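Trainee: Sharing a structure here in structure tokens format.
Every number here is computed from the coordinates shown, using simple stated rules; none is lab data. Since the structure is predicted, the reported quantities are computational estimates derived from the model, not experimental observations. Heads up, the Cβs are rebuilt from the backbone with ideal geometry, glycines too, and the neighbour counts pull from every protein chain shown.
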Amino acid sequence: MEKLLQHKKRDEMQSPNQNPLMVEVAGLKLKNPTILASGILGTTSEIIEKVAKAGAGAIVTKSVGLKPRRGYSNPTLIQLDYGIINAMGLPNPGIHQFKKEIEKLRDLPIPLIVSVYGFSPQEYAEVAEEAVEAGADAVELNLSCPHVGGTGTEIGSNPKLAMKVIREVKGRIKKPVIAKITANVADLKGLARSIEEAGADAITAINTIRAMAIDIETTHPILSNIIGGLSGPAVKPIAVRCVYEIYEAVDIPIIGCGGIIDWRDAVEFILAGASAIQIGTVIAYRGLSVFTSIKNGIFSYLKRKGYKSVKDIVGLSHRA
């Protein structure tokens, strides 16, 4: 009860705004709670500008590391009836090259969040520092990629190591630091508390779930890396559960991610405790118009239910 009252007090302290869809997450002001998820389209300045014009409230770039990385050989993606399994292998040009794309986006009208990864706390920090220097409004630490060894989940599932990464990054940059975490841990609440203790400004939950598929004719695993990450509608119930549990454990904002295909899914995440939501896999099926349809749906829901703003329903399921 005390934790719920603390959350309620936190919500009441937020200043009212004219736009019912406007939210503030980790100091970032978003015109609406929809965010482009990392790994989906956030690769060049031209594409990022298109996403912004499509109505996204913020954008997370594809994960970038210290050095260029080619990623895995094909096949790297499997399309299923209930989602997608991918094992791209974190292909990226490296932060020193990607800085050129970030620098072109200094006039972007919405927050630009650069997703970063590394193979040590120092690497995470160096990439984050370069990203902020180039103009990033915040960084999202990829502590949850399920298919690249030495980074992602291998770091993010270890609370002590995750804390080292966050503290190292916080010591190098003055912009908000968001930790994107995995559901593949035994003590999710404990991990979330460790991340909050280390100084993260927000948590994104969740990344893809470890998965694979086998071709029954050849009898071989389909992906070149064998194991990939499952995204799409199949993971939504898991992601909603994670957001719900994390909300009870920490006081920093949560960004919900996983299987959102329409405004109903987005509202479900917000009721569970998310202050904003990330959109990814559904773009492959419905295009960039999904940002407008989701934010319009949230607006209609608020109006129909008599709520003045998104913040009025953040974590509401905990107080039902």
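Trainee: Using just the Cα positions, wrap region 2-318 in a convex hull and report its mean projected area in square nanometres, one decimal place.
Mentor: Working: hull surface 61.0 nm².
Averaged projected area of region 2-318's Cα convex hull equals 15.3 nm².
Trainee: Answer with one residue from G71, G273, A128: the one whose Cα lies farthest towards the positive end of the charge dipole of the chain, charges on Cβ with Lys, Arg +1 and Asp, Glu -1.
Mentor: My answer, from the dipole projection, is G273.
Trainee: Going down the list K67/K174; K189/K303; K180/K311; K50/K160; K31/K160; K164/K189, which pairs span over 28 Å between their C-alpha atoms?
Mentor: Numbers: K67/K174 23 Å; K189/K303 33 Å; K180/K311 21 Å; K50/K160 39 Å; K31/K160 35 Å; K164/K189 18 Å.
Correct reply: K189/K303; K50/K160; K31/K160.
Trainee: Restricting the count to DSSP beta bridges whose residues both fall in the chain, what percent are antiparallel, rounded to a multiple of 5? Before the final figure, lay out the partial values.
Mentor: Values: 15 of 41 bridges.
If I count the DSSP bridges inside the chain, around 35 percent turn out antiparallel.
Trainee: What residues have an amide H closer than 5 Å to that of G315, excluding those fewer than 5 places away on the same chain, when H is modeled at 1.01 Å from N in the peptide plane?
Mentor: For G315, whose amide H was placed from the backbone, the distant partners under 5 Å are L271, A272, G273, A274.
Trainee: Related question: Around I260, which amide H atoms from residues at least 5 apart in sequence, or from another chain, sit under 5 Å from its own amide H, with H modelled in the peptide plane?
Mentor: G280
Trainee: Have a look at N207, N142, N184 and tell me which one the Gaussian network model of the chain (Cα, springs below 10 Å) gives the largest fluctuation.
Mentor: Per the Cα network of the chain with a 10 Å cutoff, N184 tops the list.
Trainee: Could you give the nm distance between label points at L80 and I226, where each point is 7 Å from its Cα heading toward the beta carbon?
Mentor: Reported label-point gap for L80 and I226 is 1.8 nm.
Trainee: Looking at region 90-170, which trypsin sites (Lys or Arg not before Pro) are in a loop (DSSP not H, G, I, E or B) and have at most 12 other Cβ atoms within 10 Å?
Mentor: On the way: sites: K99, K100, K104, R106, K160, K164, R167, K170; in loops: K104, R106.
Those that pass, being in a loop and sparsely packed, are R106.
Trainee: Under a 10 Å cutoff between Cα atoms, tell me which one of R304, R70, R193 has the largest fluctuation in the Gaussian network model of the chain.
Mentor: Taking springs between Cα atoms under 10 Å, the residue moving most is R304.
Trainee: Take D107, D137 and order them by how many other Cβ atoms sit within 10 Å, fewest up front.
Mentor: On the way: D107 7, D137 21.
Taking fewest neighbouring Cβ atoms as first place, the list is D107, D137.
Trainee: Residue-wise, which Karplus ³J(HN,Hα) couplings in Hz belong to region 306-314, taking 6.51 cos²θ - 1.76 cosθ + 1.60, θ = phi - 60°, and x for glycine or proline?
Mentor: x, 8, 7, 7, 4, 4, 5, 10, 5
Trainee: Within 15 Å, Cβ to Cβ, of V148, how many net charges do the neighbouring residues add up to if Lys/Arg are +1 and Asp/Glu are -1?
Mentor: Working: positive: K62, K67, R69, R70, K180, R210; negative: E123, E154.
Surrounding charge for V148 is +4.
Trainee: Let me ask something else about it. What order, most packed first, do the peptides 56-65, 224-233 have when packing is the mean number of other Cβ atoms within 10 Å of each residue? Working shown, then result.
Mentor: Details: 56-65: 26.9, 224-233: 20.5.
In decreasing order of mean packing, 56-65, 224-233 become 56-65, 224-233.
Trainee: Also: Would you compute, from DSSP H runs of 4+ residues alone, the mean residue ellipticity of the chain at 222 nm, taking -39500 (n - 2.57) per run and dividing by the full residue count, rounded to the nearest 500? List each step's numbers first, then the result.
Mentor: Details: 11 runs with 114 residues, N = 320.
Using -39500 (n - 2.57) per qualifying helix, the result is -10500 deg cm²/dmol.
Trainee: About the Cα centre of region 224-293, how large is the charge dipole given +1 on each Lys and Arg Cβ and -1 on each Asp and Glu Cβ? Please answer in debye to the nearest 20. Provide the component values of the computation, followed by the final result.
Mentor: Numbers: 4 positive and 6 negative charges, 55 e Å.
Around 260 debye, computed over region 224-293.
Trainee: Sequence gap at least 6, Cα distance under 8 Å: using those rules, report the relative contact order of region 180-320 to the nearest whole percent.
Mentor: On the way: 235 pairs, mean separation 30.1, N = 141.
Here the relative contact order equals 21 percent.
Trainee: Let me ask another. Quick one: putting +1 on the C-beta of Lys and Arg, -1 on the C-beta of Asp and Glu, what dipole do you get for the chain around its Cα centre, in Debye to the nearest 20? Spell out each step's value before the answer.
Mentor: Numbers: 38 positive and 32 negative charges, 134 e Å.
Value, rounded to 20: 640 debye.
Trainee: Please turn the phi angles of region 159-169 into ³J(HN,Hα) values with the Karplus equation 6.51 cos²θ - 1.76 cosθ + 1.60 (θ = phi - 60°), one per residue in order, whole Hz, x for glycine and proline.
Mentor: Result, ordered by residue: x, 5, 6, 4, 5, 4, 4, 4, 5, 5, 5 Hz.
Trainee: Contour minus end-to-end for R106 and S289, with contour as 0.36 nm per residue of separation and end-to-end as the Cα-Cα distance? Show your work: numbers first, answer last.
Mentor: Working: separation 183, 0.36 × 183 = 65.88 nm, distance 2.40 nm.
So the extension gain works out to 63.5 nm.
Trainee: Name the long-range amide H neighbours of S115: under 5 Å, sequence gap of 5 or more, or other chain; modelled H, no Pro or chain starts.
Mentor: T61, V64, E140
Trainee: Still on this model: Among T218, A198, A186, which residue has its Cα positioned farthest towards the positive end of the charge dipole of the chain, with +1 placed on the Cβ of Lys and Arg, -1 on the Cβ of Asp and Glu, and the dipole taken about the Cα centre?
Mentor: Going by the charge dipole, the pick is A198.
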